[in-house]
Amino acid sequence: MALKDLLRVADLGLADLRHLLDLSDELRSEPYRYHDLLRGDTVITYFAKPSTRTRLSFGSAIARLGGTPEVVGPTELQLGRGETIEDTARVVSRYARAFVIRTFADDEVCRFADAASIPVVNALTDLHHPCQALADLLTLRNHFGQLDGLKLAYVGDGNNVAHSLLEACALTGMDIAVASPAGFEPDAAIREAAEKLAAASGSEIVVTHDPFAAVRDADAVYTDVWLSMGDDEAERSHRIAALTPFRVTPELLAAASGRCVFMHCLPAHRGEEVAAEVIDGPHSVVLDQAENRMHTAQALLLALLRGELRGA
Ligand code: CP
Ligand code: NVA
């Protein structure tokens, strides 16, 4: 049975991941090769939270596959007036070829996928951001030539992006160290799922409160915002106080491997989670990551629609 949906990185097998990265590279050089795939059809993209990269990269990816992106949010759909997720999922399955969804609770995306007969893609929830991790792996593979033997250090809030990176590194066998302040560590259940993958791949997972220990020998230093969409604004000052020692500064980057790249999913806040000299400096690959969102989105839709993924 082919994998129908992508809800989290751990849904994929290693062969699936390799296939998606290879396909992304193929699509980078031949973006219109599969332009007949979606001819005359739509893919619905639903955003309950703002988005620049995900919304626009999926729009371009769908167009490159010959389809039309239909972008909607909660205020346009009857979902916002109490229609059930299940009814919505069954109805859109009669119209569109795939459904890409960004929302708050991860459970909503799982319910959507269970009820829909078309592929459902998690475009970010409070727990996962698998599409971002795919683009990040592609960026690293293209920069270093391979993923084997690499170490990524994630420094900051143990959030959705950190969770998907934990699963992605553990699946591929890359080492990962996550440095977060007490109270902002990654979710325990997701860490456990990543540990299981790591046991099979040989990846080493370290979770620490020491950013300098985390970046030692790291080939990539990654950070993300301190307040994610959906986090309580009232917590802002507490978060800033706790996370300031975890800012990625030139000094922190200098403590990593000499060939280290700086990564961020964007949007970024210069002077908060990252110093401007770092994100705008020579080690930064953030624009490659952003571009790779489009190639990986196109590869993911293509592979799901052609039933090419086997799953974990
Ligand atoms: N990185 C990312 O998902 O960006 P957007 O929130 O702009 O989609
Ligand atoms: N952690 C961030 C990622 C944005 C792409 C958020 O959820 O807001």
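Per residue, how large is the accessible surface of the stretch 166-232? Use a 1.4 angstrom probe and give square angstrom. Mind dumping the intermediate values first?
On the way: 2580 Å² over 67 residues.
Each residue of the stretch 166-232 exposes 38 Å² on average to a 1.4 Å probe.
Solvent-accessible area of the stretch 52-184 (1.4 angstrom probe, protein heavy atoms only): carbon and sulfur portion equals 47 percent. In this structure, the amide hydrogen of residue 309, modeled 1.01 Å from its nitrogen in the peptide plane, lies closer than 5 angstrom to those of 3, counting only residues at least 5 positions away or on a different chain. When the convex hull of its Cα atoms is viewed from all sides, the chain shows a mean projected area of 15.0 nm². Mind pulling up the Rg/Rh value for the stretch 42-107? Radius of gyration and Kirkwood radius, both on Cα. My calculation puts Rg/Rh at 0.96. Can you list the GluC sites (Glu not before Pro) in the stretch 38-125 that are in a DSSP coil and have 14 or fewer other beta carbons within 10 angstrom? Loop-located and lightly packed - 76, 83. Around the Cα centre of the chain, unit charges on the Cβ atoms of Lys, Arg, Asp and Glu (plus for the first two, minus for the last two) sum to a dipole of about 820 debye. Relative contact order of the stretch 201-283, taken over Cα pairs closer than 8 Å and 6 or more residues apart, is 38 percent.
Solvent-accessible surface of protein heavy atoms, probed at 1.4 angstrom with all chains present, puts 102, 310 in the order 310, 102, largest first. Computed with a 1.4 Å probe over protein heavy atoms only, the accessible surface of the stretch 1-57 comes to 50 Å² per residue. Solvent-accessible area of residue 129, all protein chains in place: 10 Å² (probe radius 1.4 Å, heavy atoms, ligands and nucleic acids excluded). Using a probe of 1.4 Å, the accessible surface attributed to residue 49 totals some 10 Å² when neighbouring protein chains are kept in position. Compared with the dominant principal axis of the Cα atoms in the chain, helix 106-115 is inclined by about 30°.
The values are calculated or read from the model by the stated rules, or taken from the named source; none is laboratory data. Since the structure is predicted, the reported quantities are computational estimates derived from the model, not experimental observations. With ideal geometry, Cβ positions are generated from the backbone for all residues, glycine too; neighbour counts draw on all protein chains shown. The accessibility values were calculated without ligands, DNA or RNA, using every heavy atom of the protein model including side chains. Shrake-Rupley method; radii C 1.70, N 1.55, O 1.52, S 1.80 Å.
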